[in-house]
1. May I ask you to say which residue of 51, 96 is small (Gly, Ala, Ser), assigned by TED's automatic domain parsing to the domain that holds residue 38 and under 30 Å from residue 170 (Cα atoms)?
2. Residues being of a type in the set (A, V, I, L, M), closer than 20 Å to residue 34 by Cα and buried (at least 17 other Cβ atoms within 10 Å of the Cβ): count how many of those fall in the range 79-106.
3. On the given criteria, is residue 68 among the β-branched types (Val, Ile, Thr), in contact with a strand residue (DSSP E or B) (Cβ under 6 Å, 6 or more places away or on another chain) and in contact (Cβ under 8 Å) with a residue 24 or more places away in the chain?
4. Restricting the search to the range 48-76, which residues are small (Gly, Ala, Ser) and at pLDDT 90 or above?
5. The conditions are (1) surrounded by 13 or more Cβ atoms within 10 Å (Cβ to Cβ); (2) over 23 Å from residue 103 (Cα atoms), and residue 54 fails exactly one of them. Which is it?
6. Count, please, the residues in the range 131-148 that happen to be out of contact with any His (no Cβ under 7 Å at 6 or more places or on another chain) and surrounded by fewer than 16 Cβ atoms within 10 Å (Cβ to Cβ).
Amino acid sequence: MKRRNFIGYTLLFITSCSATTNNNTTSSQITNKPEILRFAVTDVVGEEKLSDYEQFRALLEEVLATKIEFFPVESYVAATAALQLNQVDLVLAGPSEYVVINARTNAIPLIAVTRPNYHSVIVVSADSPIKSVAELKGKTIAMSYTGSTGGHLGVTKLLMEAGLDPKSDLEILMLGDDASLESFKQGKVDA
C-alpha cells in the first residue's frame, strides 16, 4: 500500500473516531493537558519529508485540540531515544519498529491501522527452475532493510515456514527496496 493511501486510511480512522465520540468534557476542562505535543515519524528522514504528513498532523491537532509540532528523527532508534529522554510525545511507527520501541520505552499504542492486503512475497523470475520456497536452499535472496516488516521479517518467516534456516541455508543480502529490485532484474540474486 502506498504511503498516501496509508495516510488517507489513518485520517479516515481518526475522523471516524472523533465523529463517533460523545464526550461532554471540553478541552478547557482537561487538567494537565500539554500545550504542545511533539510528533515524530520513524520512516521519514529530514524535516522536509515530514511535509508528506502535514494533513495527518493538522487533523491530529484538530482531534486532540492541542498544537502538534513535527519532531524530525533519523530512524526508529532516534525516536526511541527521544521518547526515553521525553523529547517527543507521539511517534508514528510501523509494526516491527513498534515492537522495538515498546520494549525499550513501554510506549502504548493510541491507534493501530491494519492492512488486510499487505503481505510479504518471494519472487523468482518466470524462467527460474525454482518452484517452491524450499528450493531456495543454497541460493541468494535480496531483502529490503533489516527490521522491515514486509521486506525482512515477513520474508524470513516464509523461509522458516518452508523449513529453511535463514542464517545458514541461503545467502541473504539486505539491499533496500530499489537495490533489491535492480539486483533481481540483473540476475545477481535468485529471488
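1. Going through 51, 96 in turn, just one is small (Gly, Ala, Ser), assigned by TED's automatic domain parsing to the domain that holds residue 38 and under 30 Å from residue 170 (Cα atoms): 96.
2. Residues meeting the conditions: 7.
3. Considered against the rule, which asks whether it is among the β-branched types (Val, Ile, Thr), in contact with a strand residue (DSSP E or B) (Cβ under 6 Å, 6 or more places away or on another chain) and in contact (Cβ under 8 Å) with a residue 24 or more places away in the chain, residue 68 comes out as yes.
4. Restricting attention to the range 48-76, the residues satisfying the condition of being small (Gly, Ala, Ser) are 51, 58, 65, 75.
Matches in the range 48-76: 58, 65.
5. Looking at each condition in turn, residue 54 falls short on (1).
6. Within the range 131-148, residues that are out of contact with any His (no Cβ under 7 Å at 6 or more places or on another chain) and surrounded by fewer than 16 Cβ atoms within 10 Å (Cβ to Cβ) number 6.
Per-residue answers, yes or no, for (1) out of contact with any Asp or Glu (no Cβ under 8 Å at 6 or more places or on another chain); (2) modelled with pLDDT of 85 or more; (3) farther than 15 Å from residue 189 by Cβ:
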site	(1), (2), (3)
121	yes, yes, no
130	no, yes, no
143	yes, yes, no
160	yes, yes, yes
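Residue-by-condition table, conditions (1) among the small types (Gly, Ala, Ser); (2) exposed (fewer than 10 other Cβ atoms within 10 Å of the Cβ); (3) within 17 Å of the chain's Cα centre (by Cα); (4) not assigned by TED's automatic domain parsing to the domain that holds residue 99:
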| position | (1), (2), (3), (4) |
| --- | --- |
| 111 | no, no, yes, yes |
| 115 | no, no, yes, yes |
| 122 | no, no, no, yes |
| 128 | yes, no, no, yes |
| 150 | yes, no, yes, yes |
| 162 | yes, no, no, yes |
| 167 | no, yes, no, yes |
| 170 | no, no, no, yes |
| 173 | no, no, no, yes |
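The values are calculated or read from the model by the stated rules, or taken from the named source; none is laboratory data. In this text, all values refer to a predicted model and were calculated from it rather than measured experimentally. Positions of Cβ are generated from backbone atoms using ideal geometry, with glycine treated the same way; all protein chains shown enter the neighbour counts.
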